[in-house]
Structure formats: C-alpha cells, structure tokens
Amino acid sequence: MTVSENCAVISNKMVSIDGNLITFYSEKIANSTLPGQFVEVSCSNGGMLLRRPFSVYDKNAKSLSLFVKSVGKGTRWLSGLREGEQINIIGPLGKGFSIDKGSRSLLIGGGCGVASLRLLSKAIVEAGGECDAIFGFRKREEIPRTIVEDFSRTAGHLTITVDSGDYPVRGNVKDRLAEIELDRYGRYYCCGPTVMLKALVPLLSSRATEVSLEARMACGLGVCYGCTINTDRGGKRVCYDGPVFTMREVDWNDL
Amino acid sequence: MTVSENCAVISNKMVSIDGNLITFYSEKIANSTLPGQFVEVSCSNGGMLLRRPFSVYDKNAKSLSLFVKSVGKGTRWLSGLREGEQINIIGPLGKGFSIDKGSRSLLIGGGCGVASLRLLSKAIVEAGGECDAIFGFRKREEIPRTIVEDFSRTAGHLTITVDSGDYPVRGNVKDRLAEIELDRYGRYYCCGPTVMLKALVPLLSSRATEVSLEARMACGLGVCYGCTINTDRGGKRVCYDGPVFTMREVDWNDL
Amino acid sequence: MIYDYSVELGSMGRLKSPIMISSGTFGVAKPYMELLCEQPIGAVVTKTITLNSKTGNSQPRVYEGPSYLINSIGLENHGVDRFVDCYNDEYGEIGFPVIVSISGNSVDEFATIAEKLNTLEGPLGLELNLSCPNVDSEGLAFGSVPKRIGEVVEACGSCSRFPLIAKLSPFQAIDESFAVAAERAGAAAISLINTVPAMVLDIHRFRSAIGALSGGMSGPALKPIALKMVFEISRSVNIPVIGMGGIASGEDAIEFLMAGARAVSIGTMNMVDPSLPGQIMGKISDFMKLHDIESLTEISRRFRL
Amino acid sequence: MIYDYSVELGSMGRLKSPIMISSGTFGVAKPYMELLCEQPIGAVVTKTITLNSKTGNSQPRVYEGPSYLINSIGLENHGVDRFVDCYNDEYGEIGFPVIVSISGNSVDEFATIAEKLNTLEGPLGLELNLSCPNVDSEGLAFGSVPKRIGEVVEACGSCSRFPLIAKLSPFQAIDESFAVAAERAGAAAISLINTVPAMVLDIHRFRSAIGALSGGMSGPALKPIALKMVFEISRSVNIPVIGMGGIASGEDAIEFLMAGARAVSIGTMNMVDPSLPGQIMGKISDFMKLHDIESLTEISRRFRL
Ligand SMILES: Cc1cc2nc3c(=O)[nH]c(=O)nc-3n(C[C@H](O)[C@H](O)[C@H](O)COP(=O)(O)OP(=O)(O)OC[C@H]3O[C@@H](n4cnc5c(N)ncnc54)[C@H](O)[C@@H]3O)c2cc1C
Ligand SMILES: Cc1cc2nc3c(=O)[nH]c(=O)nc-3n(C[C@H](O)[C@H](O)[C@H](O)COP(=O)(O)OP(=O)(O)OC[C@H]3O[C@@H](n4cnc5c(N)ncnc54)[C@H](O)[C@@H]3O)c2cc1C
Ligand SMILES: Cc1cc2nc3c(=O)[nH]c(=O)nc-3n(C[C@H](O)[C@H](O)[C@H](O)COP(=O)(O)O)c2cc1C
Ligand SMILES: Cc1cc2nc3c(=O)[nH]c(=O)nc-3n(C[C@H](O)[C@H](O)[C@H](O)COP(=O)(O)O)c2cc1C
Ligand code: FES
Ligand code: FES
C-alpha cells in the first residue's frame, strides 16, 4: 500500500563527484517496496513545489536508501540534508520489474539509472536466479564508490565502462553489449538516460527486455497525466503504468 | 554614498531568546553609516524576494553589526546564518538622528528599537555630550545579554524595564518617564514599536524629540512610495525622508 | 458550541465538507486513492471528459517554477462513452461525491456529452469546463463571449438531469458578465479559477519549454489573483461560488471562504500532498473555535471591507 | 564579430540598451541613483503622473508573498504641474533617457496632462498607463474598451509632441484588440504588462492585508503570464513591444526578447537589486556570443514554434 511517511535521515554520504547515498528511517515504505518501484520525496522545506521521484536503491526492514545525483535545485538541496532531518516521502509507487526465476539476467545501467537495479539484483538472487551487470558512466569520478561492493554479492560479473578516461573500461554499455553473446541471457533489464536506452533498442527489443523510464512528473501518483508516453497500447503514465515497461511496447520515436 | 556590498558573516550570536547579533565584514557601508541609518539585507538566498531593513547596531572600521529579532521568515533565516556566508547588503540608507552637543539626552528604546540607539549614544559621547537611556522589553528573556555592557560606557544611567516579571524593573518606559523630571533632558530620542511611540506622544511631543519609525518597505531606497506616512508636510517616505522624524511632524493618528 | 462544517451548494445539496478536489488533479489511480481515502472531502471533480477520446499534448507537459506549475496535458481522456462504461467500476466505491467535468468545442458538443451522462446514477453534478480556446461559427473565441457561456449552460441544463457548475477561466472571471450569464442560464454554482495561460521558454534550444507551446499556470503564485476574482464574482451572483487557485494551507482556504467562496477546491497542492484536506479542515476548525464562529458562511460575514 | 545591443523603438529612436526600468519602480532618490547610475539602461520610466496631486492609498501598501509582491501605492504624486516645474532639477542630469508615465480618469484628462508636458525638453516619450479602473460617461470601466484606448492614444497624439507608448494591463493584453486599437491610433510602441489585480487577507483581523482592499501583483510569479501575453501581442502588431513582468535575471530577459519583445523592462526586481541591468546585459552578451547571434532582434527570429 502506498503511504506518506515522515522519514528521518539516517545518513547522507557523498559517494561520487555528484552523487549522494541518502538513507532514511522508514518502516512502512521500505517494507513494501518492490524492485523497480520509486518514491516521491518532498522538497518543500527547500522551497520547491513538487516532489522529486527517486528509485529505491536499497532497503532493509527499517530503512530505505536513495542514490541521488545532483542535477538541479531539488537534488542539490537533498544532497545537503543532514542527519536527523525529517522529510516526507510517499511510496512505494509504480510498477516494478518482473522477475524470471529460470534464466540468467543481464542488468544494464547508465548513470543514476543503476539506482533501480540494486534491489532487482538482490531479488533475482533471492529467487534463486543469477545475473551479470554492465554499468556505464560518463567518467570515473561519477562512479559511486560503493557500487562494486554493493553489487559484488548479487551480480556474478560486473563490468563498468566510462565514456571518457581509461578506467575501468573505456567505451559505453552498447559497445560492451555488442561484444557479448546475447543468447547467454534470458532477460535484460535496462535503466538509464533515454539516449542510452534508445541505442539499445536495435540490440534488445526483440528479446525479453524490460526498461525503467524517467519522465518529468507532476504528481507521480497517476492522476495528472503529466508523464504520459506513447506505447503500442496508447498513452501510458510512466508513474502509474510504469516506470518499468517492456522495451517492445514503448514508442521510442516519441521519446 | 549608498553602495551594495557583499558582506561575509564574521559572527552570529544569539543574545536573547529571539535576538541575534550578527556582525558582517564591511568596509564601505560601515565606514559611512551615521547613527539612526539603516541597511537593506538581501534574503534571496533564503528564498525571499524583498530585502529586509535593519538599523546598524554597531560598527567599526571593517565591520557592522545588526541586532536581529526573529519575527518571521526573513529574520529567522538571518538568525541561522553561519560564519563566512556572504550576504549582499545595501546601505547606508535614510536620514539618521541629529545630535545636539550642548544638552543631555535621553534615549528611549523598546524591543529591537534599541538597535538604532547604540551608534547614537556613541556619537553623543564622542561629540562631548551626555545621555541616559530607558529600555523596555516584554520579558527578561528578551533583553539582549550584551546590552548593559554595550551601553555602559556611553549611557550615564541605564534603566531597563520589563512588561512582565520583576527583573530588572517591572513596568514600561512610559511609567518610568512619568517618574522623572522631563526638563532634565534637552533631547529625546525614541525608537520602538508604534504603540510605545504613540504612548510617549503626550509626554514628549512638545519637546525636542526625534523618533525612528518602522514601516513595511518594498525598496527601502525612496522610489516605490510603499512606506509613506502622513506628516504635517504631507506624505513622507520612511526609508528616504526618515526613518528619523521629529515627534511633532508625524501624524500619529494615521499610524 | 456545535460547529458546522457542511456547506449547501445550491441544488447539489449539502456537502459534508467545504473542501473539494479540482478537475485534472483527481484520479482513481490506486496509490493516490490510498492516500486520499480518509480525507474530509466534500466532493471530487473528475478530469475533464470530452466527446471523443484525446491523446493529449506532446511532452514536456509540466514545468515547475518558483511557487507555480505550468501544465499542458491537453485533456487526455478516452471520451465520454468509455467514461460512462467504466463509471461504476472506477467511481462506484470511492467514497466521495463525484462531479463530472466536461468540455466541448461547441454548444452542441457540450449538450451531447451532458446528455450521454444522464445514464449514470452516481454523480452529484456536472462541471462545465468553459476554458475552451476554440473559435466558434461566428469567428469568436468560444469562451470569450458571455452570451455563448449562457448558451452552453442553458443547452446542458435542458438535457441534463444533473445540477451544473460553470467553471470560469481567469479571463472569464475578470468581470461579472460571464458569471452572471451562467447564473441566468440556470447554473447551480460557479467555480473559479481555471489555470492562467502561461509560457516558458528553453532559451538555449530556442523553443518552448513545454511541448504545446503554452500551458496553464497553477499553484500558490495564483492565489492572490484567484482570491480577488472570487471576491468580486461572489458579490455579483447569488449562486454559490467554489473558490480555487493556489490553495496550499488552511489559512489559504480560510482566505477564500472569507472572500466569499462557499466551498474551496484544491488542485496542484493536493497532488503534492494528498493529506492537505485534513490539514485544512483542522485549521478551519481551530479558526472557528478561536473566533467563536459557528458556521462556515459566518466567516465571510465577519469580513470587514 | 561586432555585437549590437542597441534597439530601435519606433519613433523614439534607438536606445543604447534593450533594458528599461518600469514605472513606479524608478525614482530620482539619491541612494537609488547612486546604485543605478553606472547601469546599462536604455531608458527609465517615471512614476505615473496624474493631473492633480494624489496622496495615495492607506497603509499597508505592500505585501510580499512567495515570489510575488502586491502593491497598492495609489499613484501618490504631486500632479503634473509640479512635475513640470521640477523636471529639470530632478531628471536633468540623471544620465538616462526618460519616458514620462501619465494616467487620467478620462480621455480629456490624459490629453490635458500630455499637453502640459510639451514644455519639457528632456523626455524621449510618454507612456500611457491605461490601467485606470474608473468608470466612464457610458458606464463602462474606462480601460475595458478597446475603442476608448484608441481614443486616449489619438487624443494624446494630437496634442503631444512626444512619441507615445501604450501600457497595457493584463486584462487589456489577453487579446489583441487593445494593442491593435493603440497601434491604429498612432502609438509608437506597446508596453506590457502592468500588475495583475490581486488580494490577500489578514484572516485573524477579518480584513484585507493591504489598506486599499486590493492591489496589483508583480514579481517573478508573473513572468510566465506576461511572457505569454508578450508572445501573442508582439505577433498582432507591427510596432515594437516592450516586455515586462517578473524579470529577475538575464535568462528571463532573453525569454522576453525571444518571445517577441523589442526591449524589456524591470520593475520589482530592480528595486531589490539595482545592479540587475548590468547582470542581464552580461547574460545577453554571453548568450549572443554562444549562439553566434549578432543583433538582439535575431534572438526572436531564431525562436522555433
Ligand atoms: C521514476 C523515476 C526514478 C528516478 N530515480 C532516480 C534515482 O534513483 N536517482 C536520481 O538521481 N534520479 C532519479 N530520477 C531523476 C530525478 O527525479 C531528477 O533528477 C530530479 O527530479 C531532478 O530534480 P531537480 O530539482 O534537481 O532538477 P530541476 O532543477 O527540476 O531540473 C534539472 C534538470 O533535470 C531535468 N529533470 C527534472 N525533473 C526530471 C525528471 N523527473 N526526470 C528526468 N529529468 C528531470 C530537467 O529537465 C533539468 O534539465 C528518477 C526519475 C524518475 C521519473
Ligand atoms: C528602518 C527600519 C529599521 C529596522 N531595524 C530593525 C532592527 O535593527 N532589528 C530588528 O530586529 N528589526 C528591525 N526592523 C524590523 C525588521 O525589518 C522586520 O522585523 C523584518 O523586516 C521582518 O522580516 P521577516 O521576514 O522576519 O518578517 P515577515 O515574515 O515578513 O513578517 C513577520 C511580521 O513582521 C511584520 N513586518 C514585516 N516587515 C516589517 C517591517 N519592515 N517593519 C515592521 N514590521 C514588519 C509583519 O507585519 C509580520 O507581522 C527595522 C525596520 C525598519 C523599517
Ligand atoms: C495538471 C493539471 C491538470 C488540470 N486539468 C484540468 C482539467 O482537465 N479541467 C479543468 O477544468 N481544470 C483543470 N486544471 C485546473 C485545476 O482544476 C484548477 O482550476 C487550477 O489548477 C487552479 O487550482 P490550483 O492552483 O489549486 O491547482 C488542471 C490543473 C492541473 C495542475
Ligand atoms: C511598487 C510598484 C509601483 C508601481 N507603480 C506603477 C505606476 O505608477 N505606473 C505604472 O504604469 N506601473 C506601475 N507599476 C507596475 C510596473 O511598472 C510593472 O508593470 C509591473 O510591476 C510588472 O513588472 P515587474 O514584475 O518587473 O515588477 C508598479 C509596480 C510596483 C511593484
Ligand atoms: S506524474 Fe501525474 S500521472 Fe504521472
Ligand atoms: S520602501 Fe520604497 S519608498 Fe520607502
């Protein structure tokens, strides 16, 4: 059930040049969040009108963590939150990933898109499945420093690419994908910037691929139709019918 | 000359239950401020549109201090300023007190109205004059803890009253004034809430009395006519023609 | 003392609370309903329904500025027939009285939609969204002529079995002529204001920051504008006025009631905080107790000009 | 490349900068002028002058909300005769071209004021503040009739030796009829928008939070509304449009230029930060360099609908 909860900040750590991992005390939301779902975080104390949507990066019985990349007013304000501050959060929201126990999965994340894949990888492993991951970042400084550790127990093989610079691997996720045998995986899960997702369409849309989309949202609750995208079944609300869609159903020309 | 200066906070001390003494680094404004003049402090970093006007409480060659009583959004935000933060300040503004060297003066202040009297008392003493002071507060906790020290070298005799409670003296400034021989002083200077000033009118308007008024201001620069009050010479701008007026010229019925 | 928080909305009868949810910001989506279900709401207004289905405008559809939102959703909806088919499933058990918002490109279209809704049992009334920018047969912007507004209300009135609320755009609310025309034509109530036409550019891309070139502004920045209009219109008509525009707190709602609104409606801020009706009700209740006010209508009677 | 920051304002000639200061927010008060004197300003507009002196409205005259200001100064001024007497002393050496804002309760009053100003050498033009709420001889709110606006411009035009700017209120800017009437009557330019009628209540005192019951809203919250109007009006007339309403940054100013304004004017935010013109000019200059734009008018030509 979706609830509104006042959550105290347990910790707020800078984990990359522009990314913070913020952990909130939460019993209700954390408890019921499924992989791929998101929350809407109030930024009204920072003077903003609308909430900001974030995937749940991680959770345990009494807390949930968000990976927040600073791109504007709201995210910068959130990055400055101090321990103990109370923030109102609504969640969980949206439809998450579907998990296929039988097959090996590949998780493909770009930038802060990796945030929606951590819970997923945990769930795959818990369900007895296996997964590998390819994550792309623009440059080394943007790689969350906890990421290898965070995924090491759940992702069998983890490749990290950077657009510029040589560490860990220069290139982008599409290049890496082109190098591997795609039949190896029964499922693909992608989350990242629209340009990255679009680049993957030719390779992956004929396969069992789920994508998590981002959209400008007003309500995040399915009522305003501010976040509608085109699909083969007509307009769909990213916040309500998504954010996870099959790659096939999305009208990529419209994005 | 009025200038706009980016001033770093040197210190911000809570000196009463709701009052802070904020000292800014300032060369230009501090240098040219006269007793009774004020400054306009930008609160845009706190999300506010308009600047907030404050009397200059104290100054030296490189700094100016404001006594800020928290009454709303802007003043509360200012009270939270941290050392080193840069705030844009415009000043000095308005017409200050006129000083009469020859006679003994009485300074009458209520609440944060005392803020405009400190520079005045210093100037009176520097000019070779003498002054006493009566300050009224609502309760003991509102008395700035530095006030006795701040005025001890300049004010010969300092009386502090409180509306409620028994320390230092219960009562209000009007009661104290009624007890003393008014001819003892050649000049009266009053600053405080409008109700207090109005109460003093019957006692002091026939004497050489100057009052410093507060008004809701938009520009503080003399251009918008947002702060006009009625006087015997017609409408006058508090920010430009004042904030100091003779008690006699003000149309008290209109306030 | 017994305090009365109910309001009489003309022929729509009595609402148990003066707080409504505005068209376009209410929906039966599950997460939202879970947050809203316990709130003290007098009535909810559906998203505006049109005759045929509409896919809505291109993205981006929303833009956030300092204390305002600009939206250009473009009335995305499945059309009145599908609405009627799904009504009982969707609205049957939401627990709040429902007002159906409708909009047409012409007087006839309004009437056709109104007529099709007669088969429904549920609704409390219809709200006529009169902000249609279409140009009519006489070459006039449909909504810019008081006479035309009167015709819409009359046509819907003669074929609908529901009471009608005429919802005014800000430019229909600048003088009393539109509201008066709606009243004369038989409207049960007037609601105002709809969003204010607005624009914002993405300068480095040399184009609008919203897909549809321009949109409608809502949110707290609108409040003083809406309040002024509610004040004026409520003095020009005898039917109740439902005030909206930027309401974000109990104090805001009280301002509207004091200015002359019979009920208030929350749009933008209800999406940001679905618990707002409860908070507002709490403030109204405190306010009435503090000032010894027994009924909501007394709030405006105490207003001193 | 040579960049050109000057703008041609019709018969007023060329301003060296596209940035103006709006009526009511400019004054020759010393502290303000000391802050403003070095700024790259094309022209300043005086506070509105009326035929007779006015004492203005009762206090409080200003109210600050989230990103807006509400004011009801009430055109406090000493009347046109005193203005003419003091003109050379006050405006003689301010260093900026001056436009005199005037307002009257009738066509005749406008013309009388305009005529009295003919004795002045200094001004570049007159701005007609057409937001007068007075009711005219035919019982119509003076400013609500395009025809009347045309009459004012014509009457002033026939007796004034200065070019005229017609300044529109938001409700005169919602369609093109007022601007077109002003253009036909010979206005040299249109400026928009004036403040939006607004209200705010002091609920615990059961009265308005501003002395004059209602006031006019200005500031950043107005920007998207003003921008939309500037966009529409600049496409309906051939004379230059001066855009204003909430401009607080270089980006805002560029939005107005892109939407079709020939020049921009800063009101509220110039009082808060008199160094704004310089900041805006810097941003405009950076923008033009970044996008290889040689003249200000090219900014709007590059706008893609
Ligand atoms: C379902 C969902 C899950 C998300 N998960 C995460 C996450 O786990 N971690 C994370 O860092 N970010 C995530 N985002 C993106 C995040 O919501 C935006 O970065 C944030 O709202 C921007 O707020 P701001 O105030 O900082 O930016 P603004 O100052 O509002 O805008 C800055 C820039 O960000 C763009 N932007 C604004 N809102 C959005 C939005 N909703 N989506 C995409 N771009 C936007 C603007 O176009 C602008 O270019 C998610 C978005 C969605 C829709
Ligand atoms: C010339 C002058 C000198 C001043 N000197 C000092 C000083 O030295 N120390 C000090 O603490 N305060 C001083 N003030 C008052 C101070 O400017 C206000 O308290 C401040 O602007 C309130 O801002 P806010 O955002 O906290 O209040 P808001 O949230 O804007 O309002 C809170 C309350 O304060 C009232 N208020 C708002 N603005 C003013 C104003 N300009 N004057 C009076 N009441 C106002 C409102 O009506 C409201 O009741 C002075 C005012 C003037 C005009
Ligand atoms: C996202 C959004 C969608 C809206 N859709 C409609 C609509 O379909 N029909 C309508 O009459 N009003 C619509 N409105 C206007 C609101 O009902 C309301 O009149 C307006 O937003 C002012 O109130 P607010 O400031 O509380 O939001 C919409 C507003 C928003 C923000
Ligand atoms: C305090 C104040 C006084 C004003 N006085 C006048 C006036 O006398 N005449 C006029 O035409 N406009 C007047 N205006 C309107 C401004 O000129 C301008 O049109 C409006 O404020 C919108 O611009 P802004 O948002 O940049 O302030 C006044 C505005 C303010 C804020
Ligand atoms: S953001 Fe409102 S429906 Fe998705
Ligand atoms: S506050 Fe603007 S003239 Fe005084």
Please go through (1) under 23 Å from D:Glu232 (Cβ atoms); (2) at pLDDT below 95 for D:Ser295 and return the number of the only condition it doesn't satisfy. (1)
Of all residues in segment A:205-225, count the ones that are touching a Cys at 6+ places or on another chain (Cβ under 7 Å) and within 10 Å of ligand 1 (Cβ to nearest atom). 6
Quick test of your reading of the structure: C:Glu109 fulfils all but one of (1) within 16 Å of ligand 3 (Cβ to nearest atom); (2) within 14 Å of chain D (Cβ to nearest Cβ). Name the failing condition by number. (2)
If D:Ala259 satisfies all but one of (1) open to solvent by 10 Å² or more (accessible area, probe 1.4 Å); (2) of a type in the set (A, V, I, L, M, F, W, C); (3) more than 26 Å from D:Arg61 (Cα to Cα), what's the number of the condition it fails? (1)
Qualifying positions in segment B:1-36 - within 14 Å of chain D (Cβ to nearest Cβ), over 19 Å from B:Leu120 (Cβ atoms) and either at pLDDT below 95 or not in a strand (DSSP E or B) (or both): B:Met1, B:Thr2, B:Lys28
Please determine, by comparing only the residues of segment B:230-255 that are free of Cβ contacts under 8 Å to residues at least 24 places away in the same chain and either within 13 Å of chain D (Cβ to nearest Cβ) or within 16 Å of ligand 4 (Cβ to nearest atom) (or both), which one is nearest to the chain's Cα centre (by Cα). B:Arg237
Candidates C:Gly65, C:Gly42, C:Gly27, C:Gly74, filtered to the one that is over 19 Å from the mean Cα position of the chain (by Cα) and either closer than 27 Å to D:Pro224 by Cα or modelled with pLDDT of 95 or more (or both): C:Gly65
Select from segment D:48-63 the residues that are within 14 Å of ligand 4 (Cβ to nearest atom), within 8 Å of chain B (Cβ to nearest Cβ) and surrounded by fewer than 22 Cβ atoms within 10 Å (Cβ to Cβ) and list them in ascending order. D:Gly56, D:Gln59, D:Pro60
Being open to solvent by 30 Å² or more (accessible area, probe 1.4 Å) and in the same structural domain as B:Tyr189 (by the TED database) narrows it down to one of B:Arg140, B:Arg118, so name that one. B:Arg140
Considering segment B:183-208 alone, what residues qualify as being among the acidic types (Asp, Glu) and over 22 Å from B:Glu130 (Cβ atoms)? none
Can you tell me which residue is nearest to the chain's Cα centre (by Cα) among those in segment A:194-229 that are β-branched (Val, Ile, Thr) and assigned to a helix (DSSP H, G or I)? A:Thr194
Going through segment D:1-16 in order, the residues found to be open to solvent by less than 30 Å² (accessible area, probe 1.4 Å) and either farther than 20 Å from D:Phe162 by Cα or within 16 Å of ligand 3 (Cβ to nearest atom) (or both) are D:Ser6
Residue in segment A:121-130 that is without any contact (Cβ under 8 Å) to a residue 12 or more places away in the chain and more than 16 Å from ligand 4 (Cβ to nearest atom) present: yes
Of the conditions (1) near ligand 1 (Cβ under 8 Å from one of its atoms); (2) in contact with a helix residue (DSSP H, G or I) (Cβ under 6 Å, 6 or more places away or on another chain); (3) in the same structural domain as A:Lys174 (by the TED database), A:Ile108 satisfies every one except a single condition; which number is it? (1)
When you go through C:Ser23, C:Ser106, C:Ser101 one by one, which is the residue that is more than 16 Å from ligand 4 (Cβ to nearest atom), surrounded by fewer than 22 Cβ atoms within 10 Å (Cβ to Cβ), among the small types (Gly, Ala, Ser) and touching a residue at least 12 places away in the same chain (Cβ under 8 Å)? C:Ser106
Scope segment D:207-220; condition over 16 Å from C:Ala226 (Cβ atoms), in contact with a strand residue (DSSP E or B) (Cβ under 7 Å, 6 or more places away or on another chain) and surrounded by fewer than 24 Cβ atoms within 10 Å (Cβ to Cβ); matching residues: D:Arg207
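From the list A:Leu221, A:Leu204, exactly one residue is open to solvent by less than 10 Å² (accessible area, probe 1.4 Å), over 14 Å from A:Ser116 (Cβ atoms) and within 16 Å of ligand 3 (Cβ to nearest atom). Which is it?
Result of the check over A:Leu221, A:Leu204: A:Leu221.
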Only one of C:Met281, C:Met217 that is more than 15 Å from D:Met199 (Cβ to Cβ) and at the interface with chain D (Cβ under 9 Å from one of its Cβ atoms): C:Met217
Qualifying residues in segment D:248-275 (those that are part of a helix (DSSP H, G or I) and within 16 Å of ligand 6 (Cβ to nearest atom)) - the one nearest to the other protein chains (Cβ to nearest Cβ): D:Met271
Quick one: which of C:Met199, C:Met258, C:Met271 is in contact with a Cys (Cβ under 7 Å, 6 or more places away or on another chain) and modelled with pLDDT of 95 or more? C:Met271
What is the number of the single condition among (1) within 27 Å of A:Arg216 (Cβ to Cβ); (2) open to solvent by less than 40 Å² (accessible area, probe 1.4 Å) that C:Leu117 does not meet? (1)
Answer residue from segment C:175-194, given it is buried (at least 24 other Cβ atoms within 10 Å of the Cβ) and farther than 22 Å from D:Ser144 by Cβ and is nearest to the other protein chains (Cβ to nearest Cβ) among those: C:Ser191
Looking at A:Gly84, is it open to solvent by 20 Å² or more (accessible area, probe 1.4 Å), touching a residue at least 60 places away in the same chain (Cβ under 8 Å) and away from chain C (no Cβ under 14 Å)? yes
If I go through segment B:32-64 residue by residue, how many of them are in contact with a helix residue (DSSP H, G or I) (Cβ under 8 Å, 6 or more places away or on another chain), more than 13 Å from B:Leu119 (Cβ to Cβ) and touching a residue at least 60 places away in the same chain (Cβ under 8 Å)? 2
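Could you list all residues from segment D:221-253 that are hydrophobic (A, V, I, L, M, F, W, C) and surrounded by fewer than 24 Cβ atoms within 10 Å (Cβ to Cβ)?
D:Val237, D:Ile239, D:Ala248
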Examine segment C:64-83 for a residue that is more than 11 Å from chain A (Cβ to nearest Cβ), of a type in the set (Asp, Glu) and in contact (Cβ under 8 Å) with a residue 60 or more places away in the chain, and state whether such a residue exists. no
If you go through segment C:190-232, how many residues are aliphatic (A, V, I, L, M), closer than 22 Å to C:Met269 by Cβ and more than 16 Å from ligand 1 (Cβ to nearest atom)? 13
Count, please, the residues in segment B:41-67 that happen to be more than 14 Å from chain A (Cβ to nearest Cβ) and either under 22 Å from D:Gly65 (Cβ atoms) or open to solvent by 40 Å² or more (accessible area, probe 1.4 Å) (or both). 11
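The values are calculated or read from the model by the stated rules, or taken from the named source; none is laboratory data. In this text, all values refer to a predicted model and were calculated from it rather than measured experimentally. Heads up, the Cβs are rebuilt from the backbone with ideal geometry, glycines too, and the neighbour counts pull from every protein chain shown. We work out accessible area using only protein heavy atoms, side chains counted, and drop any ligands, DNA or RNA first. Shrake-Rupley method; radii C 1.70, N 1.55, O 1.52, S 1.80 Å.
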